Amino acid sequence: MNDWHSWAALVVFVGAYSLIISEKIHRVAVALGGAGLMLAIGATDDVTAFYSEDAGIDWNVIFLLMGMMMIVGVLKKTGMFEYLAIWAVKRARARPYRVMAMLVVITAIASALLDNVTTVLLVAPVTLLVCERLALPAAPFLIAEVFASNIGGTATLVGDPPNIIIASRAGLTFNDFLIHLAPLSAFLILLLLLLCRVLFRKSFVYDEDRAAEIMELEEREAIRDPRLLIQGLVVLVLVVAGFVLHPVLHYEPSVVALLGAGLLIAVSAVETGDVLAEVEWPTLAFFAGLFVMIGGLIDTGVVDEVSKGLADVIGTNELAGSMTMLSASAVLSGVVDNIPYVATMAPITADLVQNMGGDSGHVMWWALALGADLGGNATAIGASANVVVLGIAERNRQPISFWQFTKYGLVVTAVTVVVAMAYVWLRYFGWG
């Protein structure tokens, strides 16, 4: 790193990272400003930033998120998620812990099929309504759902944004994530249910009169457009099938998601403008700016220097390397948002895998994914879903403080990360 461009790029990146952590300036403004500075100082150029397969904006990630946001935006108009929430409460007989368990399971499953940020955006407002009617504190339910969204999102390629970045960099498929991470994710959800029973036990106060009122709700009335619901579910099934059949069809997940979104808009009566309004454009802009900044670090050789340093420490010891990667990723993802962390670590991990002579399905990738996804539960700023839910709670006058979230998050993260480390050791090094 003798070239001044390298040091300048590092200063820009560290400065942007610091501002993202502090939240004094909106992270989208920071990412776009950082990207602009990378271009201005010559750390990267417009061709590399926008067209390069290795260092530029990863359009597969951008368009996969965009397509899924459009599909979910249509489903949101049908009332499907409100239906599921009311159905869950009634099946739980309005018993607080049973209600939490049902919402946790629904959130986890939805986060595996969709992305976890979209899922909590849809489930959190319904949860607030349910808690109000049952006279229950909303914070424990919302916090539990965040944990479920991050753990459930670990199971699939589309469930958590870090997984999308990892899949794109490593060349992993939807099926790869199902095979390697879904079994552990399912077990961790069961473990989360047990933890919730202990951590939030003081919140499970049953009010018989309130329960009777909510049991009288008719969930079918929540469905506002049955025809659109059927169309949306059919398209969603086709999209998920397209993800699973990637080894046969050879279509990138982004292509499948965009085809599904286009098909749903074409066959339904929904206005295109209304669907596009549901897209989280600030999130996509944040990704774009982040990718340009990461590209600047790659082009100037900063990432290569870090990779060599890590390779010297880890060497070719896959067991020690994967345990170090998993635990360190969990700690760092609790301190900063796991999206920029994984975007930074993905190219470094690729170099480590190459040095170890591994393929795309190397254990180091799974260690990075597990550490980042599970570590995101540690603090209120560890993952995007956390920040979204805290914002919803504050707007609805049910604020959740940083430390209120974090005191539970640290426990859940510690337990799940230890289990994940045992899983990695047994599956990849302890058997056969």
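The values are calculated or read from the model by the stated rules, or taken from the named source; none is laboratory data. Keep in mind it's a predicted model, so treat the numbers as computed, not measured. Note: ideal-geometry Cβ built from the backbone for every residue, glycine included; neighbour counts use all protein chains shown. The accessibility values were calculated without ligands, DNA or RNA, using every heavy atom of the protein model including side chains. Shrake-Rupley method; radii C 1.70, N 1.55, O 1.52, S 1.80 Å.
Overview of values
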quantity: Residue list for the stretch 107-122, restricted to those being under 16 Å from Glu280 (Cβ atoms) and not small (Gly, Ala, Ser); calculated: Leu114, Asp115, Asn116, Val117, Thr118, Thr119, Val120, Leu121, Leu122
quantity: Odd one out for Thr379, checked against (1) in a helix (DSSP H, G or I); (2) closer than 28 Å to Glu132 by Cα; calculated: (1)
quantity: Residue in the stretch 396-403 that is aromatic (Phe, Trp, Tyr) and open to solvent by 60 Å² or more (accessible area, probe 1.4 Å) present; calculated: yes
quantity: Criterion violated by Gln354 - all others in (1) touching a helix residue (DSSP H, G or I) at 6+ places or on another chain (Cβ under 6 Å); (2) under 22 Å from Trp425 (Cα atoms); (3) at pLDDT below 85 satisfied; calculated: (1)
quantity: Qualifying residue in the stretch 182-190 (condition: within 30 Å of Arg98 (Cα to Cα), in contact (Cβ under 8 Å) with a residue 40 or more places away in the chain and not in a helix (DSSP H, G or I)); calculated: no
quantity: Selection count, the stretch 139-162, where residues are part of a helix (DSSP H, G or I) and either out of contact with any helix residue (DSSP H, G or I) (no Cβ under 6 Å at 6 or more places or on another chain) or crowded, with 24+ Cβ neighbours inside 10 Å (or both); calculated: 16
quantity: Elements of type helices (runs of 4 or more DSSP H) contained in the stretch 1-59, each with 3 or more residues being at pLDDT 85 or above; calculated: 4-22, 27-40
quantity: Filtered residues of the stretch 202-238 (kept if within 26 Å of Leu374 (Cβ to Cβ) and surrounded by 11 or more Cβ atoms within 10 Å (Cβ to Cβ)); calculated: Ser203, Phe204
quantity: Verdict on Gln398 being assigned to a loop (DSSP other than H, G, I, E, B) and under 18 Å from Phe200 (Cβ atoms); calculated: yes
quantity: Qualifying residues in the stretch 91-132 (those that are basic (Lys, Arg) and in contact (Cβ under 8 Å) with a residue 40 or more places away in the chain) - the one surrounded by the most Cβ atoms within 10 Å (Cβ to Cβ); calculated: Arg95
quantity: Per-region count, the stretch 4-46, residues in contact with a Ser or Thr (Cβ under 9 Å, 6 or more places away or on another chain), under 13 Å from Phe291 (Cα atoms) and open to solvent by 60 Å² or more (accessible area, probe 1.4 Å); calculated: 0
quantity: Single match in Ala49, Ala85 (criterion: among the small types (Gly, Ala, Ser), closer than 19 Å to Val117 by Cβ and open to solvent by less than 10 Å² (accessible area, probe 1.4 Å)); calculated: Ala85
